[in-house]
Protein chains: 2
Amino acid sequence: MTSNPSGFHLMQTCPDSEARAGELQTSHGVVPTPVFLPVGSQGTVKTLTPAELKDIGFPVVLSNTYHLYLRPGIDVVEKMGGLHKFMGWDRAILTDSGGYQVFSLARLRQVSDEGVVFRSHIDGSQHHITPELIIQFQEALGADIIMTLDECPACDDSFEKVQRAMHRTHRWAERCQKSWKRRDQALYAIVQGGMFPQLRRQSAEYLASLGFPGYAIGGLSIGEPKEVTIAMIEETVPLLPENKPRYLMGVGSPEDIVEGVVRGIDIFDSALPTRVARNGALFTWQGRRNISNSAYTRMEQAIDPGCECYTCRTFSAAYLHHLFDCNELLAYRLATIHNLFFISDLMHKIRSAIQDGTFSSFRDTFRANYQPTDEQVRLSQKKKWLESRNQSEWPPVN
Amino acid sequence: MTSNPSGFHLMQTCPDSEARAGELQTSHGVVPTPVFLPVGSQGTVKTLTPAELKDIGFPVVLSNTYHLYLRPGIDVVEKMGGLHKFMGWDRAILTDSGGYQVFSLARLRQVSDEGVVFRSHIDGSQHHITPELIIQFQEALGADIIMTLDECPACDDSFEKVQRAMHRTHRWAERCQKSWKRRDQALYAIVQGGMFPQLRRQSAEYLASLGFPGYAIGGLSIGEPKEVTIAMIEETVPLLPENKPRYLMGVGSPEDIVEGVVRGIDIFDSALPTRVARNGALFTWQGRRNISNSAYTRMEQAIDPGCECYTCRTFSAAYLHHLFDCNELLAYRLATIHNLFFISDLMHKIRSAIQDGTFSSFRDTFRANYQPTDEQVRLSQKKKWLESRNQSEWPPVN
């Protein structure tokens with residue numbers, strides 16, 4: 001067992017791949033890895049209570065500094081006793097710095113070495129953030145794991161633009177590290193470098209030299225083809241310290257999680273399982289099923305008869321189909337429970353397989369049975385979603 | 001204790017009012033009265049699971065034949081094993097016949113003595129229902145209490161129109177009674193007569209003479225002033241048999257429920273507590289509070305600090321305010337839990353007070369503390385809601 005001051009204990013590695021099992025010590029409990037973090041950007045995993053997330057079995061959730069800064073405001077969360085108390089969650093929390101949101105949601109950005117001036121996507125109000133402020137905000141929120149501020153280029157930006165963003169991300173990471181005071185919180189740095197192998201390697205090496213408690217890979221799964229995502233992960237991971245946790249931000253689907261684990265990733269987060277649930281797409285071990293399909297109108301069995309989640313134990317596929325047909329709010333909730341249970345179950349199975357030394361056979365069986373979403377469909381859905389996020393409450397100016 | 005074949009046992013009456021406590025025997029458990037039925041028109045009490053409704057303590061819920069007939073279809077529910085199994089609810093269910101919905105939601109109605117031809121408010125498809133069909137549908141759904149088909153006039157219809165509708169309602173009630181086969185289901189008749197005391201008396205007397213297991217008062221709380229509602233109840237109740245349950249349909253607010261109990265009502269249902277919850281209006285013993293009010297932005301206490309519901313035990317008013325501010329789906333759910341818990345608690349307190357002989361003092365304390373919604377605001381909200389229901393998915397033709 002390899003242990004280190006970041007609270008990460010590497011327990012087992014797979015002989016046939018980079019997959020590894022470990023444990024993350026936090027002030028709010030032990031987090032077994034590989035782990036998936038449900039996304040609760042606004043201090044709530046959409047439709048669910050903390051009690052339900054516990055029942056499903058998640059040891060840690062993700063929230064977002066950008067969103068909480070705009071609503072209800074960092075000072076409100078702090079006054080309410082911090083984010084754990086505010087959202088009624090006594091297990092671990094990771095807050096993203098909000099870098100990605102500033103660069104994908106906010107308007108009229110002016111980036112300088114000092115920081116970013118932007119307008120809120122909600123009401124157009126102007127704000128100015130710096131690496132130091134982002135650490136201060138995250139210390140006030142009080143999550144167990146916090147993130148450096150990064151600049152996220154678009155997936156089709158030029159080499160020069162991505163390089164500039166990477167260097168700025170590095171300088172911001174150093175400033176975050178310098179202003180980081182609450183050592184009960186683990187500060188993770190975020191590797192950038194766009195879709196350029198050389199920059200990815202440079203970013204990983206540079207940040208690794210600074211000695212953070214953990215490392216994230218940012219700026220992926222933002223519209224690029226899947227093989228590019230995987231190539232960038234493969235460039236990055238070998239340059240990250242073996243004894244520190246590796247966090248692949250914004251990933252993903254069941255098939256992407258398995259491929260990430262194969263390549264040595266320990267931590268994942270993504271809104272995908274909860275977002276597609278609200279659109280009626282439910283995970284099974286054979287792939288996604290759309291509950292709105294008329295085949296489910298009279299199906300007495302659960303959507304996934306072998307599944308032990310509350311939804312599948314309690315309701316027929318016909319009932320779930322009916323709730324979606326009527327746009328009943330309970331539909332979104334029951335589908336969310338199912339998809340998060342599936343992902344939680346997937347993570348448990350992955351971890352057990354790594355510990356038992358049977359991960360490569362688990363991976364092969366998974367790949368053979370699970371029909372991934374068609375790549376063209378996936379990219380067009382992703383594009384549609386990224387565009388829809390830009391139709392914010394406040395009209396964009398450019 | 002007075003008992004009778006309808007399964008109703010009258011246990012206690014209040015010496016100072018018409019209030020009474022009883023028990024209703026059903027195939028799915030005993031229902032203590034006075035009782036409030038949460039509304040699950042489409043086979044779901046909006047946002048909640050059956051487990052949550054049980055936790056709150058409801059012994060019976062309401063569903064709706066018109067809605068279930070259109071979606072998913074009576075045959076689907078029947079094939080899935082009936083409504084209890086379909087919605088995962090093993091306690092009692094009452095299905096409304098859908099008369100009110102045909103006369104308030106459906107389009108292009110043609111009413112004859114035979115029945116009603118109407119177009120669906122969802123897709124404009126044409127349907128023909130008769131009293132016999134409505135009983136057949138409700139027998140297939142399998143609720144514990146079922147209702148006769150009634151014709152519901154508008155609250156400003158002329159005496160002649162209301163009188164015609166009343167006579168038709170009576171003939172339909174007789175046909176429902178005649179075609180009623182499943183005697184494990186209790187069939188209740190619905191008193192009509194609009195806002196005309198003479199017609200209300202005539203309707204109550206006539207239907208009472210037919211000997212139903214229970215009696216409902218329909219066609220009230222549809223936009224008329226509160227004193228008219230109360231006057232109509234007072235005309236009707238004395239003419240209904242003492243040993244049969246009395247059900248005031250579509251009522252209501254906490255203040256209306258208390259006034260109904262005072263006048264001898266045993267059963268209530270209304271979408272109001274769940275509907276206003278989704279608009280952020282939360283019940284307290286002092287009256288409704290709107291969680292969107294900025295006063296709650298930083299309130300560490302629960303919205304009702306004395307309340308023992310899951311929402312108040314777990315979350316600050318500030319958190320609930322934040323969820324509403326962000327339009328998070330969890331907001332609607334937490335508010336629904338609170339309002340239904342309040343109503344359930346109200347019914348328990350009412351019943352205990354009747355049994356202890358202290359109901360008149362309970363009523364006085366309630367009236368002294370609970371600030372009802374301003375009558376003008378109430379009527380305008382009701383009007384707005386009734387109009388919004390007419391903006392259906394299928395464009396109205398007339």
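The values are calculated or read from the model by the stated rules, or taken from the named source; none is laboratory data. Please read all numbers here as calculations on a predicted model, not as lab measurements. Glycine gets a Cβ as well: all are built from the backbone with ideal geometry, and neighbour counts include every protein chain shown. Surface accessibility is based on the protein's heavy atoms, side chains included, excluding ligands, DNA and RNA. Shrake-Rupley method; radii C 1.70, N 1.55, O 1.52, S 1.80 Å.
Net charge in the neighbourhood of residue B:291 (other residues with Cβ under 12 Å of its Cβ; Lys, Arg +1, Asp, Glu -1) is +1.
Once you compute Rg and the Kirkwood Rh from C-alpha atoms, what is the Rg to Rh ratio for segment A:168-320? If you can, show how the numbers build up before the last one.
Values: Rg = 19.8 Å, Rh = 17.7 Å.
Expressed as Rg/Rh, it is 1.11.
If R0 is 60 Å, the Cβ-Cβ spacing of residue B:182 and residue A:242 corresponds to a FRET efficiency of close to 0.30.
Are there any GluC sites (Glu not before Pro) in segment A:111-212 that are in a DSSP loop and have at most 15 other Cβ atoms within 10 Å? List them by number. List each step's numbers first, then the result.
Numbers: sites: A:114, A:132, A:139, A:151, A:160, A:174, A:205; in loops: A:114, A:151.
Sites meeting the loop and neighbour criteria: A:114.
For B:43-51, what's the mean count of beta carbons from other chains sitting within 10 Å of each residue's beta carbon?
Details: counts 6, 9, 2, 3, 6, 3, 9, 3, 2.
Partner-chain Cβ atoms within 10 Å, mean over residues of B:43-51: 5.
Distance between the modelled labels on residue B:198 and residue B:171, one decimal in nanometres: 2.2 nm (7 Å Cα→Cβ projection).
Rounded to whole numbers, the Karplus 3J(HN,Hα) couplings from phi for segment A:115-122 are x, 10, 9, 8, 10, 4, 6, 8 Hz, using 6.51 cos²θ - 1.76 cosθ + 1.60 with θ = phi - 60°, and x at Gly and Pro. Paramagnetic label reach from residue A:54 (point 7 Å along Cα→Cβ; backbone nitrogen cut-off under 18 Å): within segment B:39-55, residues B:52, B:55.
Taking a cut-off of 12 Å, what percent of all Cα-Cα pairs in segment B:313-355 are separated by more than that? Roughly 65 percent, once rounded to a whole number. The orientation-averaged shadow of the Cα convex hull for segment B:9-84, equal to a quarter of the hull surface, comes to 6.6 nm². Compactness of segment B:278-398 is given as radius of gyration and Dmax, 17.2, 55 Å, from Cα positions.
With every protein chain left in place, what is the accessible area per residue of chain B in square angstrom, probe 1.4 Å? Mind showing how you got there, number by number?
Details: 14790 Å² over 398 residues.
Each residue of chain B exposes 37 Å² on average to a 1.4 Å probe.
Using +1 on the beta carbon of Lys and Arg, -1 on that of Asp and Glu, and nothing else charged, what's the dipole of chain A about the Cα centre, debye to 20? Please report the intermediate quantities before stating the final value.
Values: 41 positive and 45 negative charges, 106 e Å.
So the magnitude is around 500 debye.
Once the C-beta distance of residue B:126 and residue B:75 is scaled by a Förster radius of 22 Å, the resulting FRET efficiency is 0.80 to the nearest 0.05. Other protein chain C-beta atoms within 10 Å of residue C-beta, averaged over B:322-334: 6.
Considering only DSSP states other than H, G, I, E and B, which GluC sites (Glu not before Pro) in segment A:290-382 qualify as loop sites with at most 11 other Cβ atoms within 10 Å? Display every interim value, and only then the final one.
Numbers: sites: A:300, A:308, A:328, A:375; in loops: A:300, A:308, A:328.
Counting only loop positions with at most 11 other Cβ atoms within 10 Å, the GluC sites (Glu not before Pro) in segment A:290-382 are A:308.
Only protein heavy atoms count here; on that basis, with a 1.4 Å probe, residue B:269 has an accessible area of about 20 Å².
Take the Cα of residue B:230, step 7 Å toward its Cβ, do the same at residue B:374, and the gap between the two points is 2.0 nm.
Peptide A:74-80 has a mean of 3 when you count, residue by residue, the C-beta atoms of other protein chains within 10 Å of its C-beta. The distance between label points at residue A:356 and residue B:367 comes to 7.0 nm (points 7 Å beyond Cα on the Cα→Cβ vector). Only the Cβ atoms of Lys and Arg (+1) and of Asp and Glu (-1) were treated as charged; on that basis the dipole of segment A:38-100 about its Cα centre amounts to roughly 60 debye. Chain B against chain A buries an accessible area of about 3500 Å², both chains summed, 1.4 Å probe radius. Return the Rg/Rh value of segment A:260-339, two decimal places, where both radii are evaluated on C-alpha atoms and Rh is the Kirkwood radius. Value, to two decimals: 1.03.
Could you calculate the FRET efficiency of residue B:327 with residue A:313 from 1/(1 + (r/R0)^6), where r is the beta carbon distance between them and R0 is 41 Å, rounded to 0.05? Kindly include the intermediate steps, with their values, before the conclusion.
Details: r = 30 Å, r/R0 = 0.73.
With R0 = 41 Å, the Cβ-Cβ based efficiency is 0.85.
Ignoring the sites themselves, chain A has its longest run without trypsin sites (Lys or Arg not before Pro) in a DSSP loop having at most 11 other Cβ atoms within 10 Å at A:184-398. Taking only the C-alpha atoms of chain B, the Rg (one decimal) and the largest Cα-Cα distance, Dmax (whole number), read 20.3, 61 Å.
Using only the Cα atoms, work out Rg/Rh for the protein assembly as shown, with Rh taken as the Kirkwood radius, to two decimals. Spell out each step's value before the answer.
Numbers: Rg = 29.9 Å, Rh = 28.9 Å.
Across the protein assembly as shown, the Cα-based Rg/Rh ratio is 1.04.
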